[in-house]
Amino acid sequence: MKKNIHPDYQECSVACACGNNFKTSSTKKEIRVGVCSQCHPFYSGKRGSRVMQDGRLEKFQKKYAGINYGQKTTT
């Protein structure tokens, strides 16, 4: 490997938009992110407000309620 061409790998401070801060290693001194493991719905278990209002299945069922696509009806 060539010497003196690689950036310095150092301790880095990561700041999230939710206010969470943590340390990691990177070639940059500071990183700002929009979502982290503390505020992302997948990791935190909290669902977003839009998903809470109408899930995909409920939205589909409401949109196509009462439509018969050639299925036999049993009476």
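A few remarks follow.
- Residues of type lysines that K3 reaches as a straight line, Cα spacing below 28 Å, ignoring anything fewer than 8 places off in the same chain: K23, K28, K29
- Amide H contacts under 5 Å for C12, placed H, 5+ residues apart: T24, S25, S26
- Ordering 11-20, 26-35 by mean Cβ neighbour count within 10 Å, with the highest value first, yields 11-20, 26-35.
- Additional length obtainable on full extension of the chain from S13 to A65, 0.36 nm per residue less Cα span: 13.6 nm
Throughout, read-outs are computed from the coordinates displayed, never taken from laboratory work. Note that the structure is a prediction, hence the values are computed from the model and not measured. With ideal geometry, Cβ positions are generated from the backbone for all residues, glycine too; neighbour counts draw on all protein chains shown.
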